[in-house]
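Colleague: One structure, as structure tokens, below. Some questions next.
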Amino acid sequence: MAQVVFVRGANVGKHRRFQPAALARDLADLDVVNVGAVGTFVVRRPIAAGALRAEIAKRLLFETEIIVCHAREILVMSESEPFSSPPPGLDVRELVTILATKPGILPKLPVRSPAGEDWQVDFFRVDGRFALSFWRPDPKRLMYPNAVVEKTFPEIPATTQLEHDLENLRDPPAVSAAVRPLLAADWEAVRAIYLEGIETGQATFETEAPDWERWNSGHRSHCRLAASEKARLLGWAALSPVSARKVYGGVAEVSVYVAAKERGCGVGESLLRALIECSEEAGVWTLQASIFPENTASVALHRKLGFRQIGVREKIARHAGVWRDTVILERRSARVGLA
């Protein structure tokens, strides 16, 4: 059974910075997969937990708690559907705090902070090493579930994840494609993959690929990624701005394209996971995607990685003479743009 590693407090703000994808490559002999939530890894080959912590610690440039647990523990907790009865509200998030050790004495639950009906954190259950909370963040005075849980168990280090990020551990990518920065020299391969997407009739309203200058000016300069195997490009991903207004500087639209022969092999998932990670490191707090509803594989992938459907734009534009709908999905970061 695979193990799951959580690097506590990594890549939050300007401190404890590292590159999870590079760490996964360094630990390739252990078949390590970076699963998208910053500082979370699946380790598929057997290794003692202490030895695994040591391997990771010597590759980090800072000291922090490295929490290791079996994937089965997480899946059993998730399958119990602990968040099946959420409180009312539009912005209620489901969070799981992973404890370094199982607590011996449990508190009287729920623990709410602040107390009363205007709570932000509702810590309502302990399941083994997992503390479960609902979170209603108030931007005026943020309170974090991890702080509430660590105050309750002051001797136990902990780290907190969105529950849907942990659900992704149920089915990590079939392959872990090497994801690297996309270069201008990749353009011909990028364009060819884009044309293959256009030919499906389900990827974009565009009917022809742009030249490099137009593509370059239409995408943000950071988070341009390519999945490659040796010298062969398997797919690419990039972000587009949604507005020129400064207030929307942390909002971006996602594009992910995979070569026809590589579809269904996990390349798209590797790219989208890496894009989520890169976007958060770049200060992007919301990612959005506009997808044809007929492109069920793409809709399912985005949902799997934490995007939620916020609506359908009916007959928004013509494509090949036919009015088409688009599904609008978005993913709000739980780490960026909260303060």
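Yes/no matrix, rows are residues, columns are (1) surrounded by fewer than 14 Cβ atoms within 10 Å (Cβ to Cβ); (2) more than 21 Å from the chain's Cα centre (by Cα); (3) not hydroxyl-bearing (Ser, Thr, Tyr):
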position: VAL92; (1), (2), (3): no, no, yes
position: GLY104; (1), (2), (3): yes, yes, yes
position: LYS108; (1), (2), (3): yes, yes, yes
position: ASP118; (1), (2), (3): yes, yes, yes
position: PHE123; (1), (2), (3): no, yes, yes
position: ASP138; (1), (2), (3): yes, yes, yes
position: ALA147; (1), (2), (3): no, yes, yes
position: GLU150; (1), (2), (3): no, yes, yes
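Colleague: Right, something else. Just to verify a result, which residue in the range 87-101, among those that are β-branched (Val, Ile, Thr) and assigned to a loop (DSSP other than H, G, I, E, B), is nearest to VAL121 (Cα to Cα)?
Modeller: Checked the range 87-101; the qualifying residue nearest to VAL121 (Cα to Cα) is VAL92.
Colleague: So, in the range 235-256, how many residues would count as being part of a loop (DSSP other than H, G, I, E, B), of a type outside the set (D, E, K, R), more than 17 Å from the chain's Cα centre (by Cα) and over 27 Å from GLY201 (Cβ atoms)?
Modeller: Counting residues in the range 235-256 that are part of a loop (DSSP other than H, G, I, E, B), of a type outside the set (D, E, K, R), more than 17 Å from the chain's Cα centre (by Cα) and over 27 Å from GLY201 (Cβ atoms) gives 3.
Residue by residue, here is whether (1) of a type in the set (D, E, K, R); (2) at pLDDT below 90; (3) within 18 Å of the chain's Cα centre (by Cα) holds:
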residue: LEU233; (1), (2), (3): no, no, no
residue: VAL258; (1), (2), (3): no, no, no
residue: LEU287; (1), (2), (3): no, no, yes
residue: PRO293; (1), (2), (3): no, no, no
residue: LEU301; (1), (2), (3): no, no, yes
residue: ARG313; (1), (2), (3): yes, no, no
residue: GLY321; (1), (2), (3): no, no, no
residue: ARG324; (1), (2), (3): yes, no, no
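Colleague: Would you mention how many residues in the range 90-144 are in contact (Cβ under 8 Å) with a residue 40 or more places away in the chain, hydrophobic (A, V, I, L, M, F, W, C) and under 19 Å from GLU155 (Cβ atoms)?
Modeller: 5
Colleague: What is the number of the single condition among (1) surrounded by fewer than 18 Cβ atoms within 10 Å (Cβ to Cβ); (2) of a type in the set (S, T, N, Q); (3) within 23 Å of the chain's Cα centre (by Cα) that THR160 does not meet?
Modeller: Checking THR160 against (1) surrounded by fewer than 18 Cβ atoms within 10 Å (Cβ to Cβ); (2) of a type in the set (S, T, N, Q); (3) within 23 Å of the chain's Cα centre (by Cα), the one that fails is (1).
Colleague: Could you grab the pairs with beta carbons closer than 8 Å, sequence gap of 6+ or different chains, first residue in the range 286-305 and more than 13 Å from THR326 (Cβ to Cβ), second one in a helix (DSSP H, G or I) and among the hydroxyl-bearing types (Ser, Thr, Tyr)?
Modeller: Here the result reads LEU287/SER279, each pair linking the range 286-305 to a residue that is in a helix (DSSP H, G or I) and among the hydroxyl-bearing types (Ser, Thr, Tyr).
Colleague: Quick one: in the range 55-90, of everything that is hydrophobic (A, V, I, L, M, F, W, C) and surrounded by fewer than 18 Cβ atoms within 10 Å (Cβ to Cβ), which residue is modelled with the highest pLDDT?
Modeller: Applying the filter and picking the extreme gives ALA57.
Colleague: Could you grab me the full set of residues in the range 306-339 that are in contact with a Phe, Trp or Tyr (Cβ under 6 Å, 6 or more places away or on another chain) and free of Cβ contacts under 8 Å to residues at least 12 places away in the same chain?
Modeller: LYS315
Colleague: Any residue in the range 276-284 that is over 21 Å from ILE328 (Cα atoms) and part of a helix (DSSP H, G or I)?
Modeller: Looking through the range 276-284, at least one residue is over 21 Å from ILE328 (Cα atoms) and part of a helix (DSSP H, G or I).
Colleague: What number of residues within the range 41-63 are within 16 Å of VAL4 (Cβ to Cβ), out of contact with any Leu (no Cβ under 8 Å at 6 or more places or on another chain) and in contact (Cβ under 8 Å) with a residue 12 or more places away in the chain?
Modeller: Result for the range 41-63: 2.
Colleague: Then there is this: Those residues that are buried (at least 18 other Cβ atoms within 10 Å of the Cβ), outside any loop (DSSP other than H, G, I, E, B) and either touching a Phe, Trp or Tyr at 6+ places or on another chain (Cβ under 9 Å) or among the small types (Gly, Ala, Ser) (or both), I need them from the range 259-271; list them, please.
Modeller: Hits for the range 259-271 are GLY268, SER270, LEU271.
Colleague: Here's another thing I want to ask about it. Condition first: in a strand (DSSP E or B) and aromatic (Phe, Trp, Tyr). Can you find one or more residues in the range 60-76 that meet it?
Modeller: Within the range 60-76, not a single residue is in a strand (DSSP E or B) and aromatic (Phe, Trp, Tyr).
Colleague: Determine which member of the set ARG220, ARG214 is outside any helix (DSSP H, G or I) and surrounded by fewer than 18 Cβ atoms within 10 Å (Cβ to Cβ).
Modeller: So the residue among ARG220, ARG214 that is outside any helix (DSSP H, G or I) and surrounded by fewer than 18 Cβ atoms within 10 Å (Cβ to Cβ) is ARG220.
The values are calculated or read from the model by the stated rules, or taken from the named source; none is laboratory data. Bear in mind the structure is a predicted one, so any value in this text is a computation, not a measurement. Virtual Cβ from ideal backbone geometry, glycine too; neighbours counted across all protein chains shown.
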